[in-house]
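Input: a single structure, listed below in structure tokens.
The values are calculated or read from the model by the stated rules, or taken from the named source; none is laboratory data. All of these numbers come straight from a predicted model, not from anything done at the bench. Don't worry about glycine lacking a Cβ; one is built from the backbone with ideal geometry, like all the others, and counts go over all protein chains shown.
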Amino acid sequence: MTYRMGKYCQIYGFNEKTIGLRLDQLGFLPGDKARAAQLTDDVLNPYCHQIIDRFYDTLGKFSSFQKIMARGFDVANLKKTQTQYLQTLGKDYDQESYFERRLKIGVVHDRVGVPLSLYASAYRLMTQLIIDTIPGHIKNNVRAYTDMIQYLLRITTLDMTLAIETYHISKLHGLEESLDVMRHEDERLRRMIDTDRLTSVASRDNILLNLEQAIRQAQKQGLPLCLIMTDLDHFKDVNDNYGHQAGDYVLADVAARILAGVRETDMVGRYGGEEFMVLLRNSSLDTARIICERIRRRVGSSPIHLQKQKIPMTISQGLVMYQQGESMDHFIGRSDKALYAAKEAGRDCVIVHDVQD
């Protein structure tokens, strides 16, 4: 079946070739069709009304939105239109019909006088609400969650850019402002993926990705590479005696102390639970030992103050140096063995794992 090119695709020069170029520019992947279906089935369809209700509840607090609504727009009709939008988000995104509908959205918003800044802010809000609504079975799978958010960034950026196409002639200044909002939001969402939200250090995925890159660099250039696996001693006692909120506070405080003990070129990430990983590029084993001891002293030298409580805390550390040809899993495994040895040695210490062990 041949699709007849729509009015707005003709105006803005979208055809099969330019659509493909736009998708390539935004980094769409072969698996995105499946991700689009999963987003629809697992998030948008079951939670559509919840997302839209929260969207308009929040939007209703904006004075700029209130001024537009004062012109006589019906919220029920707006919610109906928004429902149709969400239910088609990403569906056949590589077709001219999809581009036509998304371009028309910009035309409608421009005609009714919606400022581009408000449109961009509202779109940012909608994107965040979708992310917040992603169910636990996806969030608990780090790779699936990351892939879902990255796809969501691509499809929402596509929709935003198509709407902006229709704004740009008469709203050039507003367009620039909106793109800034998009860039900042994109950076914020990427930071959310790359950063552990509780401790503000690198997320598990991020630290492992950097470790993989560091290993390739070490293999190629022969540079020394060290890894520290760190675990809080008796952390379960903190949760049991002071509560889980106190435990969260302790994790964040210890993470800050670890960060204060490393070099600018080092990277700290939360490996899981109360375990942290420190990646030391271009570091000899002697230098790494010094850093380990500096971190250990920063954590254990003074208690963590929480309200009227003083919570003592120490850490155990396993230190390893990369050996040429070693796999990442084996490298991490040796650091785990060293950490276990530090626990067995009485905790609050550093153990270096010999490659021969």
How many residues are in contact with a helix residue (DSSP H, G or I) (Cβ under 7 Å, 6 or more places away or on another chain), under 16 Å from PHE276 (Cβ atoms) and aliphatic (A, V, I, L, M) if we restrict to segment 315-342?
3
Would you call LEU29 in the same structural domain as ILE138 (by TED's automatic domain parsing), of a type in the set (A, V, I, L, M) and not in a helix (DSSP H, G or I)?
yes
If the requirement is being acidic (Asp, Glu) and surrounded by 15 or more Cβ atoms within 10 Å (Cβ to Cβ), which of these qualifies: ASP286, ASP354, ASP336?
ASP336
Take ASP41 and tell me if it is at pLDDT 95 or above, part of a helix (DSSP H, G or I) and farther than 30 Å from ASN15 by Cβ.
yes
Exactly one of these conditions fails for ASP253: (1) buried (at least 19 other Cβ atoms within 10 Å of the Cβ); (2) in a helix (DSSP H, G or I). Give me its number.
(1)
Members of segment 230-250 that are in a loop (DSSP other than H, G, I, E, B) and surrounded by fewer than 19 Cβ atoms within 10 Å (Cβ to Cβ)
HIS234, GLY243
Being part of a helix (DSSP H, G or I), surrounded by fewer than 17 Cβ atoms within 10 Å (Cβ to Cβ) and free of Cβ contacts under 8 Å to residues at least 60 places away in the same chain is the filter here, so list the residues in segment 86-114 that pass it.
GLN87, VAL108, ARG111
If SER302 passes every condition in (1) surrounded by 12 or more Cβ atoms within 10 Å (Cβ to Cβ); (2) touching a residue at least 12 places away in the same chain (Cβ under 8 Å) but one, which one does it miss?
(2)
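Looking only at segment 49-62, which residues are part of a helix (DSSP H, G or I) and within 22 Å of LEU118 (Cβ to Cβ)?
ILE51, ILE52, ASP53, ARG54, PHE55, TYR56, ASP57, THR58, LEU59
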Which residue pairs have Cβ atoms under 6 Å apart, sit 6 or more places apart or on different chains, and have a first residue in segment 226-238 that is within 18 Å of GLY269 (Cα to Cα) and in the same structural domain as GLY318 (by TED's automatic domain parsing) and a second that is part of a loop (DSSP other than H, G, I, E, B) and not charged (D, E, K, R)?
CYS226/SER283; ASP233/THR314
Looking at segment 60-71, is at least one residue under 27 Å from the mean Cα position of the chain (by Cα), surrounded by 16 or more Cβ atoms within 10 Å (Cβ to Cβ) and under 22 Å from ARG102 (Cβ atoms)?
no
